[in-house]
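Have a look at the structure below, then the notes.
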Amino acid sequence: MKTPRHIAIIMDGNGRWAKKRGLPRIMGHKKGVDSVKNIVTSCIKFKVEYLTLYAFSTENWLRPKREIKGLFRLLENFLDNEIKLFHDNGVRLRIIGDRDRLDARIRKKIEETEAETAGYGTLNLNIALSYGSRQEILNAARMLSKEVKNGRLQPEQIDERLFSKYLYTNESPDPDLLIRTSGEMRVSNFLLWQISYSEIYVTSKFWPDFREPDLEKAIEEYSKRERRFGK
Ligand code: IPE
Ligand code: IPE
Ligand code: MG
């Protein structure tokens, strides 16, 4: 079986998972963290090199304050609880997104975890937080314009490779496989530049129900696909 080098996942359906059971949405998010742990462990086992998880979008800031607070508390706990897993398995954590919007305590925790795991790379775990792909692209365009304005760069020098360097994902190859759970057929402002030629796999399972066998199924399906890259 051909294993994708980089898997990106839009983890969707936590709210619906909870609603179906008459539980508050936050319980769906809590259960969703168990899926994150399971999938991180599975990726280590399957020797996936990069895993990028969409945890919180720029648009998700429009959700009720209480839900947002709950989500960030879960993230904080996740980082506290899994640091041992990261050390034991050589997992390097990177957070991609607009850090300026995160509160200082979370930012500090993120920076600490990133620094502590910076020497690893068996699995590169990217968590997209306060992430929006259009904002990411605009940000890159702004930084490049400044370089041109300051005379450090000629417009002709801007090619795909250079442009990619200015994205949050600059240290990761493009995703081979993009998975979305809970049946929605849309990309919701996730990695628009990077998924140009990714294979897309949508499952109707809600994220809290998505576990290793489901990932295996997605990889199996991926390995049957013929990637032509326009050729
Ligand atoms: C995904 O689940 C988690 C986040 C977007 C934070 P949702 O919260 O979007 O769950 P649904 O889509 O409402 O079921
Ligand atoms: C996408 O899910 C964002 C994350 C999974 C973090 P949403 O639930 O926010 O997306 P829409 O609203 O269905 O497009
Ligand atoms: Mg959703």
Positive minus negative residues near Leu102 (Lys, Arg vs Asp, Glu; Cβ under 10 Å): +3
On a C-alpha basis, how far is the centre of the range 114-175 from the centre of the range 25-53 in Å? Whole number, if you could? 24
Can you list residues from other chains, or at least 5 along the same chain, whose modelled amide H is less than 5 Å from the amide H of Asn126? Leu51, Thr52, Leu53, Arg94
Which residue fluctuates the most in the chain, going by a Gaussian network model with Cα springs under 10 Å, if the choices are Leu123, Leu53, Leu162? Leu162
What are the residues whose amide H is under 5 Å from the amide H of Glu199, where those residues sit 5 or more places off or on another chain and H is modelled from the backbone? Leu177, Leu178
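Going by how many other Cβ atoms sit within 10 Å of their own, how do Ile26, Ile127 line up, fewest first? Please report the intermediate quantities before stating the final value.
Details: Ile26 19, Ile127 22.
Going from sparsest to densest Cβ surroundings: Ile26, Ile127.
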Hey, what do the phi angles of the range 75-86 turn into as Karplus ³J(HN,Hα) couplings, whole Hz, using 6.51/-1.76/1.60 and θ = phi - 60°, x for Gly and Pro? 5, 4, 4, 4, 5, 5, 6, 9, 4, 5, 4, 5
Can you tell which of Asn139, Ser182, Phe86 lies farthest toward the positive end of the dipole of the chain, using +1 and -1 charges on the Cβ of basic and acidic side chains (Lys, Arg; Asp, Glu)? Ser182
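Could you work out the helix-only [θ] at 222 nm for the chain, with each DSSP H run of four or more residues adding -39,500 (n - 2.57) and the total divided by the number of residues, to the nearest 500 deg cm²/dmol? If you can, show how the numbers build up before the last one.
Working: 7 runs with 103 residues, N = 231.
Calculated at 222 nm, the ellipticity per residue is -14500 deg cm²/dmol.
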Taking every Cα atom in the range 133-211, find the radius of gyration and the maximum pairwise distance Dmax, and write them in Å. 16.2, 52
Cα extents of the chain along the principal axes, largest first, in whole Å, come to 58, 45, 35
Under 25 Å from the Cα of Lys45 - lysines, other chains or at least 8 residues apart: Lys2, Lys30, Lys31, Lys37, Lys84, Lys205, Lys217, Lys224
Just order 221-228, 163-170, 36-43, 111-118 by mean Cβ neighbour count inside 10 Å, highest at the front, would you? 36-43, 163-170, 111-118, 221-228
Fraction of alpha-carbon pairs in the range 28-93 farther than 14 Å apart, rounded to whole percent, equals 63
If you line up the Cα atoms of the range 96-231 on their principal axes, what length do they span on each, largest first, in Å? 52, 46, 29
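Values quoted throughout were computed directly from the atomic coordinates according to the rules given, and no laboratory measurement underlies them. Keep in mind the model is a prediction, meaning the values are calculated, not measured. All Cβ positions, even for glycine, are placed from backbone atoms using ideal geometry, and neighbour counts span all protein chains on display.
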